[in-house]
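Note sheet for the following structure.
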Amino acid sequence: MNEYLTVSLHIPPKMWCDFQKSMVKSRMFNEEVIGFFFCQGHQSKHKIRYIPKTWVVPASDCYEHQSASGLVLKQHFHSYLLENHLQAGLDIVHIHTHAGGGVPDFSHVDDRYESEYAGFISSHFPTQPHLISGVFDENLQFGQFRIWDRTGQRFEPVDFCHSLFDVSNFQEVMNKTDLMFLRQKIFGSANQQLLHQLKVGLIGCGGIGSIFAELLGRLGVKNWVLVDPDKLETVNLNRMPGATKEMVQQQWYKVHYVKHLIQKIYPEDSCVQTIATGIESELSKQEIATCDLIVVATDNHLSRKTAQELALQYMRPLVCLGTHIEVKPDNTPRMYCRITVPPMGGGWCLMCGNIINLQRAALESAPLEMNQMAAGAGYLEGVNDPAVFWLNSICASTGVGVIHGMVSGFLNVDSGIDWIYEFPVNDWRKTNTEYLQTDNCYFCGMNGLEEVVENSDFENSEFENPDLIIW
């Protein structure tokens, strides 16, 4: 591995919890057990992040030998594993246990067989997958990881997070800045530190995006990439906090206005990058790829489609915020706000969930002449959607609450969420996301699988001469 790269393994909280339970359940007494993740690596600047696509825990009849001092997997099971799960572009993460508690060390036996196995998978597959290995105590509470080079001669440490975000080691030190967040202490110092470190890419700095940035900034987020090509207009002033007529007259870009909001909270230690172009520009895409979290709060389908594609490409959590107002024939308004978080890595997305109209997205990317023809034919409306501050505030504040829950771990978004609020009936609706799953979606494909494999599942495997995995 490149000495300038850091490597981290991110397993979402619910997935890690289910994996732990399956590992413990597969043990009859105090035997060692092993499980596998098949992960996709995503590199940005000096960091590689590994995110699981599938996981497998062998049942007890998958072992040739299993005891408290070691284990051997059946040759047929190894064949099944490689044939069915080691897809192109994925690397193998295996986790095995040692008896006892506390943080275990890799044994000399681990060193020898992992070295051989790293060389084996690299030499037998054209994509030359890496091996990441983990060793844990018998209850999978404490452990460590390392990644081997393709020759099986060297390894480097891997940071493990059972979280979607990076968590750096830190000492809890109270200073004058911490006093600002004293009343958030109930969520824990680690939570606050993670909020300070979080880098958020915000696409759309208008009525929803500006309120969102103000609220999330005051929660503790200081690092931002802001993307929006528009300038402030007088029509924006009814729903953008702190915006003034002077800013409109001076033709402020919306990204500079939102940066101004954040720097009012953090005059010294914020880091805000502004990009006054659309998300479709290469600069925007490159900078959004460096973020830990992508938030899209735009009023067009093309930008939301691009944001979803970036989230899938770089395996980043995506939060989509939007509102809608309509007036019924009896002049009674119906107002909606929607907060959507697709599952990271696929299963369903904004496109296969019909949250984005791909026809509208295509028209929005078309030349001006084609847009004019579409508008004349009735495909595009000529008037922007109505908007009010308080509805935007409900949407933005709920989005901030969702992100706080994701960071703190008290909100499970592994399967995604899709929440809709309707006013004036004051009705919150939570979509059953199982109906949104689309295995053959062109954009996100199949969702990650999870398996406890029985012996009968792999007896007919045809892979030739796989080495046994022995620990």
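For region 187-408, compute the number of Lys pairs whose alpha carbons are separated by less than 22 Å, excluding pairs fewer than 8 positions apart on the same chain.
Eligible lysine pairs with Cα atoms under 22 Å apart amount to 23.
What Cys residues in the chain are without a partner cysteine, judged by a Cβ distance under 4.7 Å?
If one checks each Cβ against the other cysteines of the chain, Cys17, Cys39, Cys62, Cys161, Cys205, Cys271, Cys291, Cys320 turn up with nothing under 4.7 Å.
For the chain, what is the charge dipole size about the Cα centre, in debye to the nearest 20, if Lys and Arg each add +1 at the Cβ and Asp and Glu each add -1 at the Cβ?
1960 debye
Rounded to the nearest 10 degrees, what's the angle between the helix 301-314 long axis and the longest principal axis of the chain, both from Cα atoms, 0 to 90?
Its long axis makes an angle of about 20 degrees.
Find which of Ser115, His78, Gly405 sits farthest along the positive direction of the dipole of the chain, computed with +1 on the beta-carbon of Lys and Arg, -1 on that of Asp and Glu, about the Cα centre.
Farthest along the dipole direction, towards plus: Gly405.
Bin width 10 Å, alpha-carbon pairs only: give the P(r) of the chain as whole percents, running from 0 to the bin holding the largest distance.
All Cα pairs considered, the percentages come to 4, 18, 27, 23, 15, 9, 4, 0.
Taking the radius of gyration and the Kirkwood hydrodynamic radius from Cα positions alone, what is the Rg/Rh ratio for region 187-408, to two decimal places?
With Rg and the Kirkwood Rh in hand, the quotient comes to 0.96.
Summing -39500 (n - 2.57) over the DSSP H runs of n ≥ 4 in the chain and dividing by its residue number, what mean residue ellipticity at 222 nm do you reach, to the nearest 500 deg cm²/dmol?
So the calculated ellipticity at 222 nm is -9000 deg cm²/dmol.
Quote the FRET efficiency, to the nearest 0.05, computed for Val72 versus Thr277 with a Förster distance R0 of 60 Å and r equal to the Cβ-Cβ distance.
That gives a FRET efficiency of 0.55.
Please figure out what share of the DSSP beta bridges in region 187-408 is antiparallel and state it in percent, rounded to the nearest 5.
Percentage antiparallel, nearest 5: 35.
Need one number: % antiparallel among DSSP beta bridges in the chain, to the nearest 5.
Taking every DSSP beta bridge with both residues in the chain, the antiparallel ones total about 60 percent.
For the peptides 122-131, 48-57, 261-270, what is the packing order when you average, over each peptide's residues, the other Cβ atoms within 10 Å and list the highest mean first?
48-57, 122-131, 261-270
Sticking with the crude label model, points 7 Å out along Cα→Cβ, report the distance from Asn238 to Thr290 in nm, one decimal please.
It is 3.9 nm.
Please work out the Kirkwood hydrodynamic radius for region 1-72, using every pair of different C-alpha atoms, and report it in angstroms with one decimal place.
Across region 1-72, the inverse of the average 1/r is 14.1 Å.
Express in nm, to one decimal, how much length is gained between Glu434 and Leu182 on full extension, taking 0.36 nm for each residue of separation and deducting their alpha carbon distance.
Using 0.36 nm per residue and subtracting the Cα-Cα distance, I get 86.8 nm.
How far is it, in nm, from the label point at Phe423 to the one at Thr332 when both lie 7 Å from their Cα along the line to the Cβ?
Between Phe423 and Thr332, the simple spin-label model gives 1.7 nm.
Taken together, the values in this text are just the output of simple stated rules run on the coordinates, not laboratory data. All values derive from a computational prediction rather than experimental measurement. With ideal geometry, Cβ positions are generated from the backbone for all residues, glycine too; neighbour counts draw on all protein chains shown.
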